[in-house]
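Scroll down for the structure; my scribbles are underneath it.
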Amino acid sequence: MQGVTFVYPALFWALAIPFVIFAFLLSTNKDRLERIFDEKVLERLSSASSAVPPAVRNIILFAAIFLMIVSIARPVIHKGDKIVEVAGIPVVVALDISASMRSEDIYPNRLEFAKKKLLALFEKMPSDEIAMIAFAKAAFVLAPFTSDKATLGDIAQRVNHQYINMGSTDFGAMGELAAKMVEKKRPKILIVVSDGGDAKALEGFAAQIQKSGIELYAVLVGSEKGAPVLDENGKTLTQKDGTIAISQRNDALGQTALDSGGAYVVAGNGKEDIDKLVATIHSRYKAQEQGEVRIKDLVELFYYPLIGALLLLLIGFGSLPKRRSV
């Protein structure tokens, strides 16, 4: 049902009531006001000594101020509610924060390099809904589903070496959390940014995402040659036999992605890898309708009282008395 209402009715009354009281006192009770205001200030407010009657000028200026208050309260015509289809693809992005992500075979290390890939991913998916999780021995949510890529970028940037878990990578825990998050989403897409995992680490993960109907896409970071695993102090870790622990990129995760109907890329310098991955996803789900949102259908009217106020101010100030040269 149509009707003129205010978006901020409380603000209107908070400004209008004091203004009406002030205007009334200024017009009817000058003696009391003289106790509050300086005589020269009051004279300027009253706008006396002019060819235009002071009462008329005061009415014009008061009307201008009142129209500005109306404009600030944002008057609108409410035409009812309407349903809007929201386009976009829901995606869960999982960031590996296991100990091997400290390795420095790519500059400056795998974690920082992976974060750059996340920022490139967010940039290429501006209208999509993205949730972000981190995982190592356990998995946890960094951000729920949102279209605010700036916030997602800030959260990703804050992930540092203190987040890194020295435990082994548990893809099962990550897959379980991702499955819960996409349970009511269509399609169900999971993008994992990781240095991969061997067959034992991926054991059960492939079956898990297949059961949940998840398409896996992987961004693999690291080199085939590998690099030593570092602790939080930057010291090289050793294995039980005393040899240096070396972490290599394992592409078995990429094969798991292909088996799920997804795809994978090996992260390199530049943005071509992320461009290719996102293009693959979008080509499969072009402008997919994610759902319906009910919004209020409003027609903005604030500019009408604002224009009226400006015109009245021009008239009011244009009729102020001019100084005469002696």
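Each reported figure results from applying straightforward, stated rules to the coordinates on display, with no laboratory input. Computed from a predicted model, the values in this text were never measured in an experiment. Please note: Cβ atoms are built from the backbone with ideal geometry, for glycine as well, and neighbour counts cover all protein chains shown.
For the pair Ile77 and Val7 in one chain, pulling the backbone fully straight at 0.36 nm per residue adds 24.2 nm over the alpha carbon distance. With θ taken as phi - 60° and the Karplus curve 6.51 cos²θ - 1.76 cosθ + 1.60 applied, the whole-hertz 3J(HN,Hα) list for region 225-230 is 5, x, 7, x, 8, 10 Hz, x standing for glycine and proline. When the pairs Lys180/Lys296; Lys82/Lys180; Lys188/Lys225; Lys184/Lys211; Lys188/Lys286; Lys149/Lys276 are compared against a 24 Å limit on Cα-Cα distance, Lys180/Lys296; Lys82/Lys180; Lys188/Lys225 fall above it. Dipole magnitude for region 150-247: about 380 debye, using +1 per Lys or Arg Cβ and -1 per Asp or Glu Cβ, origin at the Cα centre. Applying the Kirkwood pairwise sum to the alpha-carbon positions of region 89-286 produces a hydrodynamic radius of 16.6 angstrom.
Farthest towards the positive end of the charge dipole of region 89-286, among the residues Tyr107, Ser212, Gly175, is the Cα of Ser212, using unit charges on the Cβ of Lys, Arg, Asp and Glu. Legend: calculated FRET efficiency, His161 to Arg186, from the Cβ-Cβ distance at R0 = 45 Å, rounded to 0.05, equals 0.75. May I ask for log10 I(q)/I(0) of region 189-268 at q = 0.20, 0.22 Å⁻¹, from a Debye sum over the Cα atoms as equal point scatterers with solvent left out? The Debye formula, applied to the Cα set alone, gives -0.87, -0.96.
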